[in-house]
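Chemist: Below you will find the structure I want to go over with you.
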Amino acid sequence: MSDENVELVRGSYADFNSGNIPGVLGRLDAEVEWTEPGGGKAPSGTFRGPESVGQDVFSAVPEHFDEFSAEAEELRDEGDRVIVTGRFKGKAKSGAELDASFEHTYEVRDGKIVRLENNVDGEAWAQGWS
């Protein structure tokens, strides 16, 4: 099952970076818990359900950025968890550059993402979201 979990998560980055937000949201469990660290004008807290993730997390990106990507560099299979390391890159409407490392911890159950924790380089993240 874990190869499928890695591919599920890998596909979420491809969907996100191509602008296919419905594709990302379709990978989420109805009860997903999505945790964001905040910093600058970035969303902060735990968001529950795909609708909240779409409205409260993903919609903030085009409001604040002209360019934004989440570049997964390594995906590690840990059974029901997938650990992803990579970089957020972008250019904010304020002119700030975003270049922040991240580690995402996903939990997957029955072919859906049930939990995500977004851990980032806090200083670089906040500066990009200024």
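Chemist: Among the aspartates and glutamates, select those whose C-alpha is under 13 Å from the C-alpha of LYS89, and discard any that sit fewer than 8 residues away in the same chain.
Modeler: ASP66, GLU67, GLU71, GLU73, GLU97, ASP99, ASP121
Chemist: What is the dipole size for the chain, taken about its Cα centre, with +1 at each Lys and Arg Cβ and -1 at each Asp and Glu Cβ, in debye to the nearest 20?
Modeler: In total the dipole reaches around 340 debye.
Chemist: Cα centroids of region 1-48 and region 111-130: how far apart, whole angstrom?
Modeler: Between the Cα centre of region 1-48 and that of region 111-130, the gap is 10 Å.
Chemist: Expected output is a single nm value to one decimal: the length gained when fully extending between THR35 and LYS89, i.e. 0.36 nm times separation in residues minus the C-alpha distance. What is it?
Modeler: Using 0.36 nm per residue and subtracting the Cα-Cα distance, I get 17.5 nm.
Chemist: Further question on the same structure: From the phi of every residue in region 102-116, what ³J(HN,Hα) in whole Hz does the Karplus formula 6.51 cos²θ - 1.76 cosθ + 1.60 yield, where θ is phi - 60° and glycine or proline is x?
Modeler: With coefficients 6.51, -1.76 and 1.60, one gets 9, 10, 9, 10, 9, 10, 10, 9, 6, x, 10, 6, 9, 7, 9 Hz.
Chemist: Sticking with this structure for a sec: Can you list, largest first and rounded to whole Å, the semi-axes you get for region 29-93 by taking the square root of 5 times each eigenvalue of its Cα gyration tensor?
Modeler: One finds semi-axes of 21, 18, 10 Å for region 29-93.
Chemist: Please list, in order along region 56-71, the HN-Hα scalar couplings obtained from phi with the Karplus expression 6.51 cos²θ - 1.76 cosθ + 1.60 (θ = phi - 60°), rounded to whole Hz, x for Gly and Pro.
Modeler: Computed from phi, the couplings for region 56-71 are 9, 10, 5, 5, 5, 4, x, 5, 10, 10, 8, 9, 7, 8, 10, 9 Hz.
Chemist: Here is a follow-up. What does the net charge come to around GLY90 if you take all other residues with beta carbon closer than 15 Å to its beta carbon, with K and R at +1 and D and E at -1?
Modeler: Counting the neighbours of GLY90, the net charge comes to -2.
Chemist: Output the Kirkwood hydrodynamic radius of the chain, Cα pairs only, in Å rounded to one decimal. Show your work: numbers first, answer last.
Modeler: Working: mean 1/r = 0.0687 Å⁻¹.
About 14.6 Å, per the Kirkwood formula over Cα pairs.
Chemist: Another question about this same structure. For the chain, take the longest principal axis of its alpha carbons; what is the angle in degrees between that and the long axis of helix 2-17, to the nearest 10 within 0 to 90?
Modeler: 30 degrees
Every read-out reported here was derived from the displayed coordinates using simple, explicitly stated rules and does not represent laboratory data. Predicted model only: the values in this text are computed from it and were never measured. Glycine gets a Cβ as well: all are built from the backbone with ideal geometry, and neighbour counts include every protein chain shown.
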